[in-house]
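Have a look at the structure below, then the notes.
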Amino acid sequence: MGVCAKCHGLQGQGDYGPNIQTNGLLVQPAGLRTLLVNGQNRIAPISSYMPPVAIGWTDKQFAALNIYLKRNIYKGSSSGG
């Protein structure tokens, strides 16, 4: 919450960063991990810049984040497969 909410709002509704509530990446653990560890668009355009915020996180921290996002933030539709 402390890392994401700074830019995306307490409920993922957007603030400084974009609204992430319906972003399917939130329920894709591997993709989310890559984004959080590597960041995105570290060079121009700055408008879509996201810093790497999870460098050094443990597997346990990522697992806890995945659970938290699914329970409290993600408002998108479930994949019916």
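The values are calculated or read from the model by the stated rules, or taken from the named source; none is laboratory data. Values in this document were obtained by computation on a predicted structure and should not be read as measured data. Every residue, glycine as well, gets a Cβ built from its backbone with ideal geometry; the counts of neighbours run over all protein chains shown. We work out accessible area using only protein heavy atoms, side chains counted, and drop any ligands, DNA or RNA first. Shrake-Rupley method; radii C 1.70, N 1.55, O 1.52, S 1.80 Å.
Full extension of the chain segment joining residue 77 with residue 53 gains 6.0 nm, where the gain is 0.36 nm per residue of separation less the Cα-Cα distance.
Each Lys or Arg adds one and each Asp or Glu takes one away; over the other residues whose Cβ falls under 15 Å from the Cβ of residue 27, this sums to +4.
Computed in the context of the full set of protein chains, the accessible area of the chain at 1.4 Å probe radius has 57% of its extent on carbon or sulfur. Accessible surface area normalised per residue over the chain is 68 Å², counting heavy atoms of protein chains with a 1.4 Å rolling probe. Ranking 4, 57, 67 by how far each Cα lies toward the positive end of the dipole of the chain (charges on Cβ) leaves 67 at the top. Normalising the average separation of contacting C-alpha pairs (under 8 angstrom, six or more residues apart) by the number of residues puts the relative contact order of the chain at 27 percent.
Counting only Cβ charges, +1 for Lys and Arg and -1 for Asp and Glu, the dipole size of the chain around its Cα centre is about 100 debye. Remark on the chain: Rg and Dmax equal 12.5, 37 Å (Cα only).
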